[in-house]
Amino acid sequence: IVLSGSCSSRLLLRDREAGSNGASLPQYNGLRAVDTMHLPSSRTPKLSCSGPKCRTIRAMASPTVSAPKRETDPKKRIVITGMGLVSVFGSDIDNFYNKLLEGESGITQIDKFDATNYSVRFAGQIRDFSSKGYIDGKNDRRLDDCWRYCLVAGRRALDEANLGSEALEKLDKTRIGVLVGTGMGGLTAFSNGVEALIQKGYKKITPFFIPYSITNMGSALLAIDTGLMGPNYSISTACATANYCFYAAANHIRRGEADIMVAGGTEAAVMPTGIGGFIACRALSQRNDEPKRASRPWDKDRDGFVMGEGCGVLVMESLDHAMQRGANIIAEYLGGAVTCDAHHMTDPRSDGLGVSSCISKSLEDAGVNYVNAHATSTLAGDLAEVNAIKKVFKNTSEIKMNGTKSMIGHGLGAAGGLEAIATVKAITTGWLHPTINQDNLEPEVTIDTVPNVKKQHEVNVAISNSFGFGGHNSVVVFAPFKP
């Protein structure tokens with residue numbers, strides 16, 4: 001990971017998003033890999049790093065020894081001043097994290113639609129969602145859930161950052177941007193439009209079909225709702241989406257193009273097309289009799305990931321601007337990296353090129369002692385990610401690593417957003433949530449995965465990993481804020 005907007009590196013930490021299992025689909029009998037992937041032990045490719053803003057963070061032998069390096073220019077230091085989410089545990093961040101700390105599973109039987117005849121009938125389905133106070137009734141009925149989640153999470157993040165409508169009126173809105181991406185977009189709106197076309201003809205397609213399907217609409221609607229006129233677009237890189245958005249948002253601030261960015265990821269794919277599509281990929285766990293035990297990262301008995309949904313949004317702000325307005329600073333964003341394997345739609349590079357070297361080049365002097373792993377509960381991907389981490393940190397005795405997806409499922413484009421909030425809460429509370437369903441740990445996993453019970457842990461620097469179909473890799477780095 002190179003912590004800069006103008007650095008280039010290669011990151012191959014892997015699980016290749018939802019369902020890739022670290023291998024191409026034809027190479028799998030269900031989710032059982034035909035061949036075992038071996039990561040190289042000695043090749044360390046040369047990485048390039050150029051540009052005046054480039055800086056790297058060095059990985060020490062002991063990951064807790066050194067203090068993290070930070071930007072010294074307060075205009076380029078990025079802090080987190082607000083967080084908002086919509087999750088299987090509701091929209092209150094403290095309740096969300098307390099449920100995670102308790103090791104509670106949010107995976108249940110699907111009842112959004114009749115899944116009786118589906119081979120997978122459970123998911124991290126959001127229930128009792130309310131947009132009251134955030135979206136008016138007429139629009140609420142029209143919107144795809146993907147955008148409803150985005151509007152509520154985005155507004156809640158702004159509220160926590162003390163950037164409600166009155167506060168925003170006193171600021172230059174052209175310097176506040178929105179960058180909330182999605183992997184699938186308005187999937188229900190799209191599916192309904194196609195169904196109307198096939199069954200009734202084009203004249204019966206709603207005029208909202210296109211605008212409520214396209215992936216940029218989350219950022220657009222949130223900006224329209226709040227009047228924010230800064231950089232505004234969406235990024236769609238499958239399950240790496242939210243981290244890509246954080247990375248790009250931070251670079252807008254560091255380049256002086258914005259003072260504040262509202263960034264994250266949103267997804268609402270727990271619906272017939274979404275579930276059916278991933279069943280077709282043979283990507284999902286089929287543990288229908290034990291849905292709460294189905295997502296089990298690093299456990300020998302894992303059999304695929306569990307679908308989730310929701311939205312996670314951060315308010316990212318330059319330290320200079322945050323201090324000028326007296327904002328409450330929650331944590332600091334140190335940087336991140338985004339790369340592409342340029343190899344295969346779902347298959348990782350079998351040689352593991354760049355996995356360990358990318359992380360070690362990016363984390364120099366970071367003092368990393370916590371990893372919120374991608375850990376989707378797939379066979380090859382979980383181990384590939386662990387092996388890469390172990391190659392970077394020769395001494396992992398002080399590192400803790402957990403899998404948020406064990407309790408909330410895989411939120412696809414929203415996963416990185418929800419996990420960033422879990423990572424920041426770990427920093428601020430000093431408690432790590434468990435990875436549940438760890439009954440029979442893979443012997444290769446020698447890092448402490450916080451199995452089944454929460455642990456107290458002072459986080460020096462944390463990384464959060466997300467990877468997606470297409471070879472998209474993303475890592476973001478957070479730390480406690482120190483003036």
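Numbers below:
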quantity: Unmet criterion (only one of (1) part of a loop (DSSP other than H, G, I, E, B); (2) in contact with a strand residue (DSSP E or B) (Cβ under 8 Å, 6 or more places away or on another chain); (3) modelled with pLDDT of 95 or more) for Gly326; calculated: (2)
quantity: Subset of segment 99-112 (residues that are within 15 Å of Thr273 (Cα to Cα) and exposed (fewer than 14 other Cβ atoms within 10 Å of the Cβ)); calculated: Asp111
quantity: Residue match in segment 150-169 (condition: among the hydrophobic types (A, V, I, L, M, F, W, C), within 30 Å of Met323 (Cα to Cα) and surrounded by fewer than 24 Cβ atoms within 10 Å (Cβ to Cβ)); calculated: yes
quantity: Any pair with Cβ under 7 angstrom, 6 or more apart, that starts in segment 454-473 at a residue that is among the basic types (Lys, Arg) and ends at one that is open to solvent by 50 Å² or more (accessible area, probe 1.4 Å) and part of a loop (DSSP other than H, G, I, E, B); calculated: none
quantity: Residue satisfying all of: in segment 177-226; in contact with a Gly (Cβ under 6 Å, 6 or more places away or on another chain) and in a helix (DSSP H, G or I); farthest from Val86 (Cα to Cα) among these; calculated: Leu187
quantity: Total residues in segment 441-460, condition open to solvent by less than 30 Å² (accessible area, probe 1.4 Å) and within 19 Å of Tyr97 (Cα to Cα); calculated: 4
quantity: Any chance Pro434 is at pLDDT 95 or above, surrounded by fewer than 24 Cβ atoms within 10 Å (Cβ to Cβ) and touching a Lys or Arg at 6+ places or on another chain (Cβ under 6 Å); calculated: yes
quantity: Subset of segment 388-397 (residues that are open to solvent by less than 20 Å² (accessible area, probe 1.4 Å) and in a helix (DSSP H, G or I)); calculated: Ala388, Ile389, Val392
quantity: Segment 265-303, residues that are assigned to a loop (DSSP other than H, G, I, E, B) and in contact with a helix residue (DSSP H, G or I) (Cβ under 7 Å, 6 or more places away or on another chain); calculated: Ala268, Ala269, Met271, Cys281, Arg282, Ala283, Arg287, Ser295, Arg296, Pro297, Trp298, Arg302
quantity: Options Tyr202, Tyr233, Tyr212, Tyr244; residue that is open to solvent by 10 Å² or more (accessible area, probe 1.4 Å) and under 16 Å from the mean Cα position of the chain (by Cα); calculated: Tyr244
quantity: Residue list for segment 373-387, filter: assigned to a helix (DSSP H, G or I), of a type in the set (A, V, I, L, M) and touching a helix residue (DSSP H, G or I) at 6+ places or on another chain (Cβ under 9 Å); calculated: Ala380, Ala384
quantity: Complete set of residues in segment 398-431 that are part of a loop (DSSP other than H, G, I, E, B) and either buried (at least 24 other Cβ atoms within 10 Å of the Cβ) or in contact with a Pro (Cβ under 9 Å, 6 or more places away or on another chain) (or both); calculated: Glu398, Ile399, Gly403, Thr404, Gly409, Gly411
quantity: Residue ID - surrounded by the most Cβ atoms within 10 Å (Cβ to Cβ), chosen from residues in segment 299-333 that are polar (S, T, N, Q) and touching a residue at least 40 places away in the same chain (Cβ under 8 Å); calculated: Ser318
quantity: Test for Ala249: is it surrounded by 21 or more Cβ atoms within 10 Å (Cβ to Cβ), at pLDDT below 95, assigned to a helix (DSSP H, G or I) and of a type outside the set (Asp, Glu); calculated: no
quantity: Selection count where residues are touching a Gly at 6+ places or on another chain (Cβ under 7 Å), within 29 Å of Pro272 (Cα to Cα) and not hydroxyl-bearing (Ser, Thr, Tyr), scope segment 67-98; calculated: 6
quantity: Flag for Phe129 being open to solvent by less than 50 Å² (accessible area, probe 1.4 Å), touching a Pro at 6+ places or on another chain (Cβ under 7 Å) and in a loop (DSSP other than H, G, I, E, B); calculated: no
quantity: Among (1) part of a loop (DSSP other than H, G, I, E, B); (2) within 19 Å of Cys311 (Cα to Cα) - the single one Ala157 does not satisfy; calculated: (1)
quantity: Out of Thr423, Thr428, Thr446, sole residue that is of a type in the set (Ser, Thr, Tyr), more than 16 Å from Ser377 (Cα to Cα), touching a residue at least 24 places away in the same chain (Cβ under 8 Å) and out of contact with any strand residue (DSSP E or B) (no Cβ under 8 Å at 6 or more places or on another chain); calculated: Thr446
quantity: Test result for Glu364, assigned to a strand (DSSP E or B), of a type in the set (D, E, K, R) and either buried (at least 24 other Cβ atoms within 10 Å of the Cβ) or at pLDDT below 75 (or both); calculated: yes
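The values are calculated or read from the model by the stated rules, or taken from the named source; none is laboratory data. Because the structure is predicted, anything quoted here is derived from the model rather than measured. Cβ sites come from the backbone with ideal geometry, for glycine too, and all protein chains shown count toward neighbours. Note: areas computed on protein heavy atoms with side chains; ligands, DNA, RNA excluded. Shrake-Rupley method; radii C 1.70, N 1.55, O 1.52, S 1.80 Å.
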